[in-house]
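Undergrad: Provided herewith is a single structure, encoded as structure tokens, for subsequent inquiry.
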Amino acid sequence: MRSSLAIAIAAVACLALAAEAAGNFYQDTEMTWGGGRGKVVDGGRGLDLTLDRTSGSGFQSRSEYLFGKIDMQIKLVPGNSAGTVTTFYLSSQGSTHDEIDFEFLGNETGEPYTLHTNVFTQGQGQREQQFRLWFDPTTSFHTYSIVWNPQHVIFAVDGTPIRDFKNHEARGVAFPKSQPMRLYASLWNADDWATQGGRVKADWSHAPFVASFRGFSADACVWANGRQQCPVGTMETAAVAGRRGGRSWWNQQLSDMSYRRMRWVQRKFMIYNYCTDAKRFPQGVPAECHLR
């Protein structure tokens, strides 16, 4: 069964990569920290982040977005990556910020990475779901995607949905829909907690650690001069967009097949779900955990 899933996912990955319209890191991003440890490579088609004992590094998108489909191909730190964290996320600013997170927690050689996801709304997070990946994320690039529209935040890996955070505002659950967010990515030392609760520390004899990024694509509504500027056809209904061959992320939701694939991944590869952590929430898990 697992081999069948791997074959199906690999096929989806090939289609996703073929369809990717990659941006240029020189034009679309800027380094934010690291003292030269982050470098654009391959004529702008890629960007490498480096971590050594002194510092990690990070970059951000030049644009802010208010809804969109954001894709990034990432090849994670190989070998002994214990203590390292590679991130790819959207975030606004301030104490009541919104945030949509992919974080990759390194591990000892031969042990799997942990893919950590979270959603913050109005400064409140604590919505963690964690997964093991069904492939080695250090040997080649894989595509990690965020679909963020007025009704859904969908996390996907190589086109396979792994999480769907829905808009349940009508039921009193906050949803990120009014604060524009930038894309951020970083590689940093978190060996006080990242690997087995901080028990395993970074082995600096393996430094510098390198995580590589490419294929950044933002099919998104850009926030500029206090206004949301969306690509032509973005807000068409799904039916109209389909007839015109237009964009679909604005109305995107999981089909029955995609929902079944997501649930299969969650059953097989999810290792933590805040919605089942009664010890953490003795007064009851958050409201969205009871809603579908």
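The values are calculated or read from the model by the stated rules, or taken from the named source; none is laboratory data. Treat the numbers as computed from the prediction; the structure is a model and nothing was measured. Cβ sites come from the backbone with ideal geometry, for glycine too, and all protein chains shown count toward neighbours.
Undergrad: Does D192 satisfy the condition of being at negative phi and at pLDDT below 95?
TA: The answer is yes for D192.
Undergrad: Still on this structure, I have one more. Can you pull out every residue in segment 41-61 that is of a type in the set (A, V, I, L, M) and surrounded by 18 or more Cβ atoms within 10 Å (Cβ to Cβ)?
TA: Hits for segment 41-61 are L47, L49, L51.
Undergrad: Still on this structure: Count, please, the residues in segment 111-129 that happen to be closer than 21 Å to R267 by Cβ, in contact (Cβ under 8 Å) with a residue 40 or more places away in the chain and not in a strand (DSSP E or B).
TA: Residues flagged as closer than 21 Å to R267 by Cβ, in contact (Cβ under 8 Å) with a residue 40 or more places away in the chain and not in a strand (DSSP E or B) within segment 111-129 amount to 2.
Undergrad: May I ask you to list the residues in segment 206-221 that are in a strand (DSSP E or B) and either free of Cβ contacts under 8 Å to residues at least 12 places away in the same chain or of a type in the set (G, A, S) (or both)?
TA: Matches in segment 206-221: A211, S212, G215, S217, A218, A220.
Undergrad: If L90 meets every condition in (1) assigned to a strand (DSSP E or B); (2) more than 12 Å from the chain's Cα centre (by Cα) apart from one, which number is that one?
TA: (2)
Undergrad: Something else: Does segment 152-198 hold any residues that are within 16 Å of the chain's Cα centre (by Cα) and polar (S, T, N, Q), and which are they?
TA: Those that are within 16 Å of the chain's Cα centre (by Cα) and polar (S, T, N, Q): T160, S186.
Undergrad: Here is a further query. Those residues that are of a type in the set (S, T, Y) and in a strand (DSSP E or B), I need them from segment 25-81; list them, please.
TA: Passing the criteria: T29, T32, T50, S57, S61, S63, Y65.
Undergrad: Pull up segment 81-124, narrow it to residues that are in contact with a Lys or Arg (Cβ under 9 Å, 6 or more places away or on another chain) and among the aromatic types (F, W, Y), then point me to the one that is farthest from L51 (Cα to Cα).
TA: Selected residue: F120.
Undergrad: Consider D42 carefully, then state whether it is among the charged types (D, E, K, R), on the phi > 0 side of the Ramachandran plot and at pLDDT 95 or above.
TA: yes
Undergrad: Determine the pairs where a residue that is in contact (Cβ under 8 Å) with a residue 40 or more places away in the chain, located within segment 266-284, has a partner that is in a loop (DSSP other than H, G, I, E, B) and of a type in the set (F, W, Y) with Cβ atoms under 8 Å apart, the partner being 6 or more residues away or on another chain.
TA: Pairs that qualify, where the first residue is in contact (Cβ under 8 Å) with a residue 40 or more places away in the chain and the partner is in a loop (DSSP other than H, G, I, E, B) and of a type in the set (F, W, Y), are K268/W134; F269/W134; Y274/F281.
Undergrad: Looking only at residues that are part of a strand (DSSP E or B) and of a type in the set (S, T, Y) in segment 159-205, which one is farthest from T84 (Cα to Cα)?
TA: T160
Undergrad: Looking at segment 120-140, can you tell me whether even one residue there is over 25 Å from D277 (Cα atoms), surrounded by fewer than 18 Cβ atoms within 10 Å (Cβ to Cβ), among the aromatic types (F, W, Y) and in contact with a helix residue (DSSP H, G or I) (Cβ under 9 Å, 6 or more places away or on another chain)?
TA: yes
Undergrad: I'm checking my understanding of the structure. Among residues of segment 222-241 that are touching a residue at least 40 places away in the same chain (Cβ under 8 Å) and either within 30 Å of N107 (Cβ to Cβ) or in contact with a Ser or Thr (Cβ under 9 Å, 6 or more places away or on another chain) (or both), which one is surrounded by the fewest Cβ atoms within 10 Å (Cβ to Cβ)?
TA: A224
Undergrad: Something else now. Just for segment 148-189: of the residues that are small (G, A, S) and within 30 Å of A207 (Cβ to Cβ), which one is surrounded by the fewest Cβ atoms within 10 Å (Cβ to Cβ)?
TA: For segment 148-189, the residue satisfying everything is S186.
Undergrad: Would you say H97 is assigned to a loop (DSSP other than H, G, I, E, B) and surrounded by fewer than 20 Cβ atoms within 10 Å (Cβ to Cβ)?
TA: Against the criterion (assigned to a loop (DSSP other than H, G, I, E, B) and surrounded by fewer than 20 Cβ atoms within 10 Å (Cβ to Cβ)), H97 qualifies.
Undergrad: Output the qualifying pairs, or none if there are none: Cβ atoms under 9 angstrom, residues six or more apart or on different chains, first residue in segment 149-175 and at positive phi, second residue crowded, with 18+ Cβ neighbours inside 10 Å and among the hydroxyl-bearing types (S, T, Y).
TA: D158/T143; D158/Y144; D158/S145; G159/T143; G159/S145
Undergrad: Pick from segment 62-83 the residues that are in contact with a Pro (Cβ under 7 Å, 6 or more places away or on another chain) and over 25 Å from T114 (Cβ atoms): which of them is surrounded by the most Cβ atoms within 10 Å (Cβ to Cβ)?
TA: Y65
Undergrad: Right, next: From the list S81, S57, S61, S91, pick out the single residue that is of a type in the set (S, T, N, Q), within 27 Å of Q252 (Cβ to Cβ) and touching a Phe, Trp or Tyr at 6+ places or on another chain (Cβ under 7 Å).
TA: Answer to the selection: S91.
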